Amino acid sequence: MNYWLMKSEPDVFGIDHLKQAPKKTEHWDGVRNYQARNMMRDEMKKGDQVFFYHSNCDEPGIVGIMKVVREGYPDHTAFDPEAKYYDPKSDPDNPRWYMVDVQYVRKLKRNIPLAELKQYKELEDMPLVRKGNRLSIMPVTKAQWNFILGLE
DNA sequence: GCCAACGTTGGC
DNA sequence: GCCAACGTTGGC
């Protein structure tokens, strides 16, 4: 099993939105970055565990855990001219963008803010804590995963 | 293929 | 709201 971290803006889609969704499950649409796309399309597997990270908010940080319940499939919002992340270069016969479905597992006992995560030598290799990193989906090693859970 | 311009992300 | 970092676009 692999571990991941996915970012989302809580004002747009936060962990409570996921918790309140039908079956506590939602598709992770709107990703328009090739590195992140490749991970969702090729690498994220059913049962993989994912940290839910809140970005662009008062206190950015890891707030909970979810799991992959459906592996990569085409992001249909790219085909919809009305959608915010419409991409005319993606078409159903040759989809450019992919998404996975994720299901709410639980919140962490406390939110772990980015400012704190940056302090730990154990996490210095995470793209998350590197300056200027904008990747919205990233792999997490088992060691990093366990270390972060130990911070709860 | 290079690279300047531009747009976006996201912390602060 | 500012701005650094980075990805993408498009002219040449």
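The values are calculated or read from the model by the stated rules, or taken from the named source; none is laboratory data. Computed from a predicted structure; not experimentally measured. Neighbour counts are summed over all protein chains in view; Cβ atoms, including those assigned to glycine, are modelled from backbone coordinates with ideal geometry. In case anyone asks, the SASA skips ligands and DNA or RNA and just uses the protein heavy atoms, side chains included. Shrake-Rupley method; radii C 1.70, N 1.55, O 1.52, S 1.80 Å.
A few comments on the model shown:
- Nitroxide proxy distance, nm - points 7 Å out along Cα→Cβ at A:E152 and A:A115: 2.4
- Of A:R37, A:R134, A:R96, the one that fluctuates the most in a GNM where chain A has Cα springs shorter than 10 Å: A:R134
- By a 1.4 Å probe calculation restricted to protein chains, A:V69 has an accessible surface near 40 Å², given to the nearest 10.
- Å² of accessible area per residue within the stretch A:3-149, as computed with a 1.4 Å probe and no ligands counted: 55
- Pair A:D16, A:D42: separation of 7 Å Cα→Cβ label points (nm): 3.9
- Counted charge near A:S136, where neighbours are those whose Cβ lies closer than 11 Å (Asp, Glu -1; Lys, Arg +1): +3
- Modelled label positions at A:R70 and A:E124, each set 7 Å beyond Cα in the direction of Cβ, lie 4.2 nm from each other.
- Whole-percent carbon and sulfur share, accessible surface of the stretch A:3-149, 1.4 Å: 46
- Over the C-alpha trace of the stretch A:3-149, radius of gyration and Dmax come out as 15.1, 46 angstrom.
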